[in-house]
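Heads up: the structure comes next, in structure tokens.
Read-outs: derived from the displayed coordinates by stated rules, not from any lab. The shown structure was predicted, so the numbers you read here are calculated from the model rather than taken from an experiment. Using ideal geometry, Cβ is built from the backbone for each residue, glycine included, and neighbour counts are taken over all protein chains shown.
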Amino acid sequence: MGNLYRFVDTVVLLLLKKRGPSYGYELATAPAEHALTDAEIERAALYRTLKQLEMNGHVVSDWDISGSGPARHVYRLTDSGEEHLREWGVVLGNLAQAMAAFATEVEALPHAD
């Protein structure tokens, strides 16, 4: 069926809203349960998305140097990111209605014999 856009940024924003501040690794292990398609979100795409979201002011990150392991980035949703997530919710709601109408129309077509 081809590659569908996976809405990686939307999934990341949702995860940060639901989970609160999170490490990149924690975010990398969770997208499959929230994916909008059956396509897997690649880890590299996740980190590129986090960087872009941070550049756009939708997330901020800090280094967590506590613990015995290496320092890790902790990502947190900003007010701008929460607003962006809500905007996406509206867009995806409209898209869902349009897709449902399309699927209904396709299902109503006569079958070829």
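Expected output is a single nm value to one decimal: the length gained when fully extending between ALA108 and SER66, i.e. 0.36 nm times separation in residues minus the C-alpha distance. What is it?
That works out to 9.2 nm of additional length.
Quickly work out the TYR47-to-TYR23 label distance, labels modelled 7 Å from Cα along the C-beta direction, and quote it in nm with one decimal.
Going from the TYR23 label point to the TYR47 one covers 1.4 nm.
May I ask you to give the average projected area over all directions of the convex hull of the Cα atoms of segment 43-103, in nm² rounded to one decimal?
6.0
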